[in-house]
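> What follows is a structure written as structure tokens; I'll ask about it next.
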Amino acid sequence: MCGIVGAVARRNVQGILLEGLKRLEYRGYDSAGMVVRNAHGHLQRQRALGKVAALEDKLESGALNGNSGIAHTRWATHGRPSEENAHPHQSGERLAVVHNGIIENHEGLRAELEGEGYVFTSQTDTEVIAHLLEREASHTDLLSAVQTITAGLDGAYALGVIHADEPNVVIGTRKGSPLVVGVGIEEAFIASDPLALLQVTDRFIYLEEGDVVRLSGNGGIEVFDSQGAAVERSIQIFEHGDGSASKGDYRHFMLKEIHEQPKVIAEALEGRLGDRSVLVESFGPDAEALLSKASQIHLVACGTSYHAGMVARYWLERYAGIPVQVEVASEYRYRRVVVPENTLFVTLSQSGETADTLAALRFAKQGGYLGSLAICNVPGSSLARESDLTLMTRAGPEIGVASTKAFTTQLTALMLLTLALGRVRGQDSEEQARLVSALRGLPAQVERVLELDPQIEILSQAFAEKHHALFLGRGAHFPVALEGALKLKEISYIHAEAYPAGELKHGPLALVDSEMPVISVAPNDELLEKLKSNLQEVRARGGELFVFADENVGLADGDDTRVLHLPYIDEALAPILYTLPLQLLSYHVAVLKGTDVDQPRNLAKSVTVE
Ligand code: G6P
């Protein structure tokens, strides 16, 4: 959380930094700030409570001008959102720092610095870094100061630092939080995410853990590893293009990303399917050897990615016959886990930077596992780089905080993994061929479901005045119900819960009345008849039902039931298709309620703190 951007350029950097912050707002948006070093060697600072637009307003009347600067958009961890707690933080007038992450030993450091007479003006953990750097930089250059003080910091950080006495210099470093270097034409940049810099470059260096980078005039970029040795890091071209950073004709990024799903699912499949089976070799040269040794899977993730993992458990056990455990990363990482022989450790993460998921991977790598596989959307992310094998989901950048296309491409990748494991474990070849053919048809089916958008928009009116909602599903559609409930609460702030429909009578049925809409997904699968009985239980209690059902299952509108029909799909892929109406429903309810759809309160897209 929090977004950092920094620049040393031939032009005034204010515009570059501001645009960078706008593109990083998905990481946090409760306050923002910027420091630019001017031609007279002074640091000028502007900070504002609220979104980047509030900072932009301030910059209109108090513009900053200079060739080097750092900027930040914040998601509060230590200290409430306020202007005093907004970054950059300064120590005196000569040094400023922006930080993403958490400094765990900040209290001890703060006491030590206060003892030496440093006066703190914020409640943040970051301010200790500013004072530590000021103390160090009084007798050495800024690069050495950063290298020295970071050795005493516990926790996670990505930093951008600037000093009034060093013209055209910005120092960046990272450990546990992301930071990339943008390589411009005689200009150089740092940012939390390449997206922030696509307006100025498509060439990036992905810093490794502990790396420190010194940006200087004329595009100077020097990288030093955690031991302080100068190192060469390769430059990579960012291939996703810049269209993803704009809403195009859509009202919100979320709606745009929902409608991109047919295209990105097709991209996730490209080159990975043979005529009748999945191409295991498309997972990488080492994939077959690793997958064929696996006899169990531990799957770890957070948030929406965790729901994708829960769907995958049904698939992997049913179609590949392999035992699977799924767990949220924040629990897994602190548990004493028993690892059976030949267990493959799989992480799922859109960003590849989620702190708990990354920590879980590092914990798992300490021993016991056969190897690690990351299913991830961001090439070059920490998770991708630190895993033995990576399966890219190819969703392209996702800006809306509520995950949509990243989820359905994760599911697509997980079905490919299921088939790959099935293949190396001797899955019935007819079943494999059937699923491969269903996958080929999936983008077109997704397109058809998106055509239901106007009907779902009408349906959403029934929810705008409601305070609670209950989502039901069975089998692999229980996690789909969980994801539907998560979407609704994230963006419309309606309290929503999800249950396996068979659990209804063990508690939640007590909540059902005319004020509690009940939403269910009813694909044409082996649990359909069971689900229908569960829905009767709702009707009998006067509940209002909204059912997304297969067109052939014989469910129709009634007094207390609204049914929307989806096209037939192979039951294996139904969890992907049935996610879409739930995404659209949440979206339209949020629009009706007038909430901030793309940047819901209190949340952040990428959670790089514990
Ligand atoms: C945050 C986001 C969610 C996301 C979760 C895990 O909570 O708001 O949308 O599912 O992080 O993120 P990851 O990048 O690891 O998939």
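> Grab the beta carbon distance between ARG541 and PHE120, set R0 = 60 Å, and tell me the FRET efficiency rounded to 0.05. Working shown, then result.
Details: r = 57 Å, r/R0 = 0.95.
With a Förster radius of 60 Å, E is 0.60.
> For the pairs LYS263/LYS365; LYS263/LYS593; LYS247/LYS489, flag any whose C-alpha to C-alpha distance is greater than 26 Å.
LYS263/LYS365; LYS263/LYS593
> Can you tell me the orientation of helix 14-24 relative to the chain, as the angle in degrees between its alpha-carbon axis and the longest Cα principal axis, to the nearest 10?
Orientation of helix 14-24: about 30 degrees from the principal axis.
> Compute the Cα gyration tensor for segment 218-298, then decide on rounded, prolate or oblate, letting a ≥ b ≥ c be the square roots of its eigenvalues: rounded whenever a/c is under 1.5, prolate when a/b is larger than b/c in the other cases, and oblate in all that remain.
It is oblate, given that a/c is not under 1.5 and a/b is not larger than b/c.
> Calculated from DSSP H runs of 4 or more alone, at -39500 (n - 2.57) each and per residue, what is the 222 nm mean residue ellipticity of the chain, nearest 500?
-10500 deg cm²/dmol
> So for segment 344-410, averaging the separation of alpha carbon pairs under 8 Å that are six or more residues apart and normalising by length, what relative contact order in percent results?
About 32 percent, as a whole number.
> Follow-up. Between LYS593 and ARG434, take the C-beta separation as r, use R0 = 51 Å, and let me know the FRET efficiency to the nearest 0.05.
0.75
> Exactly which chymotrypsin sites (Phe, Trp or Tyr not before Pro) in segment 560-610 are in a DSSP loop and have at most 16 other Cβ atoms within 10 Å?
Numbers: sites: TYR568, TYR578, TYR587; in loops: TYR568.
Answer by residue number: TYR568.
> Students often forget the sequence filter, so: which lysines lie under 19 Å Cα-Cα from LYS505 once same-chain residues fewer than 8 apart are removed?
Within the straight-line limit of under 19 Å, LYS505 reaches these lysines: LYS530, LYS532.
> Using θ = phi - 60° and the Karplus form 6.51 cos²θ - 1.76 cosθ + 1.60, what ³J(HN,Hα) does each residue of segment 52-62 get, whole Hz, x for Gly and Pro?
Per residue, the Karplus-derived 3J(HN,Hα) values read 4, 4, 5, 5, 4, 4, 5, 5, 5, 8, x Hz.
> Okay, moving on. Based on the Cα gyration tensor of segment 425-582, what are the three equivalent ellipsoid semi-axes, each the root of five times an eigenvalue, rounded to whole Å and given largest first? Provide the component values of the computation, followed by the final result.
Details: eigenvalues 147, 61, 42 Å².
Square roots of five times the eigenvalues give 27, 17, 14 Å.
> Something else now. Which whole-number percent of Cα pairs in segment 504-610 have a distance greater than 17 Å?
On the way: 3525 of 5671 pairs.
When every Cα pair of segment 504-610 is considered, 62 percent fall beyond 17 Å.
> Set the Förster radius R0 to 35 Å, insert the Cβ-Cβ distance between ARG448 and ILE235 as r into 1/(1 + (r/R0)^6), and round the FRET efficiency to 0.05.
FRET efficiency, ARG448 to ILE235: 0.25.
> What's the center-to-center distance, using Cα atoms, between segment 38-83 and segment 516-530 in Å?
51 Å
> On average, how much accessible surface per residue is there in segment 62-172, in Å², for a 1.4 Å probe, leaving out ligands, DNA and RNA?
So segment 62-172 comes to 35 Å² accessible per residue, rounded to a whole number.
> For the chain, give the percent of accessible area contributed by carbon and sulfur heavy atoms, probe 1.4 Å, rounded to a whole number.
47 percent
> What's log10 of I(q)/I(0) for the chain at q = 0.06, 0.11 Å⁻¹, Debye sum over Cα points only, no solvent?
Treating every Cα as an identical point scatterer, log10 I(q)/I(0) equals -0.33, -1.04.
> In segment 447-542, which GluC sites (Glu not before Pro) fall in coil by DSSP and have 15 or fewer other Cβ atoms within 10 Å? Intermediate results must be reported in sequence, preceding the final value.
On the way: sites: GLU447, GLU451, GLU457, GLU465, GLU483, GLU490, GLU497, GLU503, GLU515, GLU526, GLU529, GLU537; in loops: GLU451, GLU465, GLU515, GLU526.
Those satisfying the criteria are GLU451, GLU465, GLU515, GLU526.
> Pulled fully out, how much extra length does the chain show between ARG425 and ASN105, if you take 0.36 nm times their separation in residues and subtract their Cα-Cα distance?
110.4 nm
> Follow-up question, since we're still on this one. Sort out for me the Cα centre separation of segment 380-419 from segment 589-610, rounded to whole Å.
Using only Cα atoms, the two centres lie 21 Å from each other.
> Can you give the extra length, in nm with one decimal, that the chain gains between SER514 and GLN199 once fully stretched, where that is 0.36 nm per residue apart less the Cα-Cα distance?
Result for the pair: 108.3 nm of gain on full extension.
> Which of VAL436, VAL13, ALA268 sits farthest toward the positive end of the charge dipole of the chain, with +1 on the Cβ of Lys and Arg and -1 on the Cβ of Asp and Glu?
Result: VAL436, furthest along the dipole toward the positive end.
The values are calculated or read from the model by the stated rules, or taken from the named source; none is laboratory data. Quantities reported herein were computed from a predicted structural model and do not represent experimental measurements. Glycine also receives a Cβ, built like all others from the backbone with ideal geometry; neighbour counts cover every protein chain displayed. What goes into the accessible areas is simple: the full protein's heavy atoms, side chains included, and nothing from ligands, DNA or RNA. Shrake-Rupley method; radii C 1.70, N 1.55, O 1.52, S 1.80 Å.
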